[in-house]
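Worksheet for the structure shown next.
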Amino acid sequence: MPSELQPSAPVSSIRVYNTLSRREQPLTPIVPGQVGIYLCGPTVYDDCHIGHLMGPVLFDAIARWLTARGLRVHLVNNITDIDDKIINRALATGEPWESITERYTAQYFAFLTKLHAFTNLAKVEHPRCSAYIASMIGYITELIAGGRAYAAADGVYFDVQRQPGYGKLSGRKIDDMQAGARIERDASLHHPADFALWKLAKPGEPSWPSPWGAGRPGWHIECSVMSHETLGATFDIHGGGDDLKFPHHENEIAQGEAHGGDYAHCWMHNGLIQYEGVKVGKSDPRMKDPAFRRQFDAAHLLETYGAATIRFLLLQGHYRRPIDFAPAAIISARTALGKLHKLIGATLDAVGGDNLPTLLARALPAAQAQARDAFAAAMDDDFNTGAAIAQVFTLASEARKQTGAEQAATIALLRDLGRLLGLFQPGDGASTVAHAEQPGDETLAKVMALVLELRQQVRANRDFATSDRIRDQLKSAGIVVKDAKDGASWGFG
């Protein structure tokens, strides 16, 4: 490793859980005073769901905190605009793939702006795969020259058996990795787990010339190359959703190390989506129901609850834990945020107070200093935004007991601490307060709990006609009831 990439002294106060080492460790920037972060972005072929926005909001809060601690953050959040899903959508609709990717990329950026994600960082990049084809071809050529990849009948593949420690991120053993269907199609692969670096094009597919034939890059090589081009062969933090550990991030590590370099020093993975405590994934049979699927549509959530509420919900817990998007959970977040906005009042639109290291060092009265220091300790301990926000509520409770200048100072402090997480931003203002403040939310949740309980009693008496009438009338009012083995749930349809 070149001398300029030798790890510097750790940032003494900050500890981060590294998925790769499976332990918390001090943050030790490669270059003193700087932190490079690569966060996997969306594949732009369809409308954004909330899963696409969780990582950006969570890692934006992390980057804001690093900045507040005096570090210069370079954050890279890529756009995957070449992928099988994009090609299939283009072939199915007849729309050019470039048009599809441009439309959904624009949608993604619009949502980021609404959520205040990456709007306050000094250096943010959004590289697109299509702009790095030449670099990808060069990278693959070097892997082949180093004996780490080989040409097969339908493209170029990475040889996982040549990679020491393959499987170390996910904990999988190479002998247990099978891809039966794939090996039946092409027996020329060295191992069933070998993955595509370059895919030869089929008729009608977009393609680029290469030494191995016209085709396109594989998914994994795209991120390895874009991180290398923007952050270097070795960088500080690689982030993404927990579902990306395998195969995507495992294969990124393999490619990066085989190409030369330590790749990412620290791997951070955010939790995924839940609904009423149950994990929601792509293969979840509930996702076949359009009404259920709509509960996770980004546009629906932002329009129904407001961007400020969604950001607040995402930061209420710890980034490594799942986040529940059942209506009751979102309504609870909206009610809590509305109360904070009401307390802050007109100063919600005041400029300043965010990302200021002086906020963490200045002299304060004892109660304020205690809350501020507990906030900082929570963020320094693996970016625990939920515990940090708890200190904002502590200050809110103090402020409600105070008057005059003392109260104003406490409110200003809680607002400014929230801004270190991207909350209480100028521009949220009165419109956000009006959107967030819904006096009937708690009442609605209680009423719906009672309605579902009574409906369950009706069903137990086998009066299904009345049960269906209740469900249908609620649907006409915009409330969708879903029946399951463990009971009924409700949401806005």
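The values are calculated or read from the model by the stated rules, or taken from the named source; none is laboratory data. All values reported here derive from a predicted model rather than from experimental measurement. Counting neighbours? That spans all protein chains shown, and the Cβs are built from the backbone with ideal geometry, glycine included. Note: accessible area is taken over every heavy atom of the protein model, side chains too, but ligands, DNA and RNA are not part of it. Shrake-Rupley method; radii C 1.70, N 1.55, O 1.52, S 1.80 Å.
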Determine, yes or no, whether Leu244 is under 26 Å from Asn88 (Cβ atoms), at pLDDT 95 or above and open to solvent by 20 Å² or more (accessible area, probe 1.4 Å). yes
Inside the range 1-27, can you point out the residues that are assigned to a loop (DSSP other than H, G, I, E, B), modelled with pLDDT of 95 or more and farther than 22 Å from Asp60 by Cβ? Leu20, Ser21, Arg22
Members of the range 62-114 found to be over 28 Å from Ala307 (Cα atoms) and either open to solvent by less than 40 Å² (accessible area, probe 1.4 Å) or of a type in the set (S, T, N, Q) (or both), listed by number: Ile82, Asp83, Ile87, Asn88, Ala90, Thr93
Would you list the strands (runs of 3 or more DSSP E) that sit entirely within the range 83-193 and hold 1 or more residues that are aliphatic (A, V, I, L, M) and over 18 Å from Ser207 (Cα atoms)? 123-125, 149-152
State yes or no: is Asp381 within 25 Å of Gln25 (Cβ to Cβ), free of Cβ contacts under 8 Å to residues at least 12 places away in the same chain, open to solvent by 40 Å² or more (accessible area, probe 1.4 Å) and within 28 Å of the chain's Cα centre (by Cα)? no
Do we have any residue at all in the range 277-299 that's out of contact with any Pro (no Cβ under 9 Å at 6 or more places or on another chain) and closer than 22 Å to Ala388 by Cβ? no
Please tell me if Asp284 is without any contact (Cβ under 8 Å) to a residue 12 or more places away in the chain and either small (Gly, Ala, Ser) or open to solvent by 20 Å² or more (accessible area, probe 1.4 Å) (or both). yes
Members of the range 447-488 that are open to solvent by 30 Å² or more (accessible area, probe 1.4 Å) and polar (S, T, N, Q): Gln456, Gln457, Asn461, Thr466, Gln473, Ser476
Among the residues listed as Leu359, Leu340, the single one being touching a Phe, Trp or Tyr at 6+ places or on another chain (Cβ under 9 Å) and part of a helix (DSSP H, G or I): Leu340
All but one of (1) within 19 Å of Trp65 (Cβ to Cβ); (2) touching a residue at least 60 places away in the same chain (Cβ under 8 Å) hold for Phe375; state the number of the condition that does not hold. (2)
Which one of Glu406, Glu442 is open to solvent by 80 Å² or more (accessible area, probe 1.4 Å), at pLDDT 85 or above and of a type in the set (Asp, Glu)? Glu406
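Quick check on the range 238-280: of everything there that is assigned to a helix (DSSP H, G or I) and either hydroxyl-bearing (Ser, Thr, Tyr) or touching a Lys or Arg at 6+ places or on another chain (Cβ under 7 Å) (or both), which residue is farthest from Leu197 (Cα to Cα)?
Initially, the range 238-280 is screened for residues assigned to a helix (DSSP H, G or I), giving 242-259.
Still in the list and also either hydroxyl-bearing (Ser, Thr, Tyr) or touching a Lys or Arg at 6+ places or on another chain (Cβ under 7 Å) (or both): 246, 258.
On the way: Phe246: 16, Ala258: 13 Å.
For the range 238-280, the residue satisfying everything is Phe246.
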Per the filter on the range 293-309, residues among the hydrophobic types (A, V, I, L, M, F, W, C) and open to solvent by 10 Å² or more (accessible area, probe 1.4 Å) are Ala299, Leu302, Ala307, Ala308
(1) crowded, with 23+ Cβ neighbours inside 10 Å; (2) modelled with pLDDT under 95 all hold for Asn270 apart from (2)
Identify the residue in the range 120-145 that is open to solvent by 50 Å² or more (accessible area, probe 1.4 Å) and either basic (Lys, Arg) or touching a residue at least 40 places away in the same chain (Cβ under 8 Å) (or both) and, among all such residues, is farthest from Val225 (Cα to Cα). Asn120
Give the residues of the range 118-169 that are touching a Lys or Arg at 6+ places or on another chain (Cβ under 6 Å) and either modelled with pLDDT under 95 or over 21 Å from Lys245 (Cα atoms) (or both), sorted by residue number. Arg148, Gly155
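Any residue in the range 339-350 that is aliphatic (A, V, I, L, M), at pLDDT below 90 and more than 19 Å from the chain's Cα centre (by Cα)?
yes
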For residues that are closer than 22 Å to Phe59 by Cα and touching a His at 6+ places or on another chain (Cβ under 9 Å), scanning just the range 318-373, find the one that is most open to solvent (accessible area, probe 1.4 Å). Arg320
